[in-house]
Structures are given as structure tokens and as C-alpha cells.
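Enquirer: Take this structure first; my questions come after.
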Amino acid sequence: MRIIPLKEGNFSASKTKDFTLLTEENFDTIGGIKMSVQPFLIITENDYILLDAGIGWKNESGTTVASEILKKENIRPEQITKLLLSHLHKDHIEGAVKLTENGFEAAFPNAQMYIQKRELDFAMEKKGNPSFDFDILEKLIQLPNIIWMNENQGQITDEITYEVVGGHTPFMQVFWIRENDETAFYGADDLPQASYLKYHLAYKSDFDGRKAMELRLKWEKEARENNWKILLYHDLDKAIVEV
């Protein structure tokens, strides 16, 4: 498999979940939580798989950073076959839609989008929560090609396994992509940065911080035993680690 990080940048996230791009000039002066936003494209023999969609950050020319990376890799958005959404916080879904002359459309028009239905139900009960962009979420769920997921775990294809684990949000799901004895593991916001493997803490920013911590301990052991490549969505410096 080929793994391509689609890093939109490093950002500061305020308490109201507004994202400010970090630069050398403002890195030490700006407040908020510092994190990258980094979806991943995994190319296998059968699929072009996008793990979460980012925030659709645009560069000075008005094109999205993700589309620029894809262009450099000679990949068109139309080639993406599957978009797997771990949860529905704004920094994981906003890049899935784009505004055109005809209204909002799918940024990856040929991709089947996999969304956990219970995660949507949870989000819709949280109107006013700044972690969600309800305008974008409403547009997202009206798009075609959505596969609504209801099971706790299973196989999407022979290569793609998922499990609803909770932790960061009640129904967040994680993914394993396997091909030719190689495994890529995406723990989304239960395992967003390499430091989470070093410091075993329960974070108050999680819906169930203790559960997320216990999951990390479990995954670290399994990753070491099975040589997983761990994909880090929010790490400032790293994209992929092996333990």
C-alpha cells in the first residue's frame, strides 16, 4: 500500500474551535491548542481510501491544500473511492464538501462516504457545541453515496476493518487497512499524536478520557506485536510512527 499524508498545516484551535494557521512568526505568541490537521490517503490495489477529510484549508491561490498535494502526486479527487469518517467534528469533515456555482457538492464525487449513524445522532443532540459545524454537517448528510453504518465492528472490504470504540466521542470509529502483510492503523482522535503513546493520561477534552487511554495502551501493545503503521492526524511533526 501507499500512504500519503494530506497535511493541511499546523494550527491553533481556540476554545470556540476556530482554527488559526501557525507560522514561524506567531507560533510562540498565539494561544489555544496546537495541532496539525492531517488526513491520509491510502492507495491499495483495489481502492483509493481517504481517512477523514480535514477542514478544507485553502492556500493564497484559493485552492485547498489537500487538492494541491493530490495534484503533486498526480491524483485527481475523482479517483478517491472511499472516504472513511471517524467522527463528525468540524476538523474531520469540512474538507468533504465544496461550494460551487451549483451549491454544495462532494469534494470527492465518486467516493462512497462511510458515516457512523449513531455518531450523527449524537452530534445532532449537541446543537451549539463549537466542535461541530452544523451548517457543513447538514450539507454533508444530504450528499449522495453515503453508506450509513450501524454495527459496532466489521469489514468494509477484505482490506478495511472498522470498530466503534468511543473515547473521544461516544461512537467514534477507528480503522485498519491491511494489504500484503502490511497494516496501517488509524486511531483518529483517540490516538492523534505520538506523545499520547509516551504519556498515559486521560484527557478532559475527550468524552471518555479513561476509555481512550485504555484503548491506547491496548493498541500500543498490538501495534508492537503486529508491526502496525500508526497514522497520526494531529501530530505537529510526525505523520506515521511504528512502535
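The values are calculated or read from the model by the stated rules, or taken from the named source; none is laboratory data. From a predicted model like this one, the values you see are computed outputs, not experimental measurements. Every residue, glycine among them, receives a Cβ derived from its backbone with ideal geometry; neighbour counts consider all protein chains shown. Ligands, DNA and RNA are excluded from the accessible area calculation, which covers all protein heavy atoms including side chains. Shrake-Rupley method; radii C 1.70, N 1.55, O 1.52, S 1.80 Å.
Enquirer: Here are some residues: Asp91, Asp28, Asp52. Which one is acidic (Asp, Glu) and over 19 Å from Leu232 (Cα atoms)?
Expert: Only one candidate passes the filter, namely Asp28.
Enquirer: Going through Glu78, Glu101 one at a time, which residue ends up being acidic (Asp, Glu) and modelled with pLDDT of 95 or more?
Expert: Just one listed residue meets the conditions, Glu78.
Enquirer: Same structure, new question: Pick from Phe19, Phe108: which is farther than 30 Å from Asn180 by Cα and either free of Cβ contacts under 8 Å to residues at least 12 places away in the same chain or open to solvent by less than 40 Å² (accessible area, probe 1.4 Å) (or both)?
Expert: The unique qualifying residue is Phe19.
Enquirer: Would you pick out the residues in the range 23-61 that are open to solvent by less than 40 Å² (accessible area, probe 1.4 Å) and either more than 26 Å from Ile156 (Cα to Cα) or without any contact (Cβ under 8 Å) to a residue 40 or more places away in the chain (or both)?
Expert: Across the range 23-61, the qualifying residues are Asn26, Met35, Ser36, Leu41.
Enquirer: Moving on. Kindly establish whether Met1 is over 25 Å from Asn129 (Cβ atoms), at pLDDT 95 or above and either under 19 Å from the mean Cα position of the chain (by Cα) or open to solvent by 40 Å² or more (accessible area, probe 1.4 Å) (or both).
Expert: yes
Conditions tested, residue by residue: (1) among the polar types (S, T, N, Q); (2) under 22 Å from Phe207 (Cβ atoms); (3) in contact (Cβ under 8 Å) with a residue 24 or more places away in the chain.
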{"site": "Glu101", "(1), (2), (3)": "no, no, no"}
{"site": "Leu120", "(1), (2), (3)": "no, yes, yes"}
{"site": "Met124", "(1), (2), (3)": "no, yes, no"}
{"site": "Leu137", "(1), (2), (3)": "no, yes, yes"}
{"site": "Asn145", "(1), (2), (3)": "yes, no, yes"}
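Enquirer: Pull up the range 65-87, narrow it to residues that are assigned to a strand (DSSP E or B) and in contact (Cβ under 8 Å) with a residue 40 or more places away in the chain, then point me to the one that is least open to solvent (accessible area, probe 1.4 Å).
Expert: Leu84
Enquirer: For the range 211-243, which residues satisfy the criterion of being open to solvent by 10 Å² or more (accessible area, probe 1.4 Å), free of Cβ contacts under 8 Å to residues at least 40 places away in the same chain and either among the polar types (S, T, N, Q) or farther than 24 Å from Ala13 by Cβ (or both)?
Expert: Scanning the range 211-243 gives Glu214, Leu217, Lys218, Glu220, Lys221, Glu222, Arg224, Glu225, Glu242.
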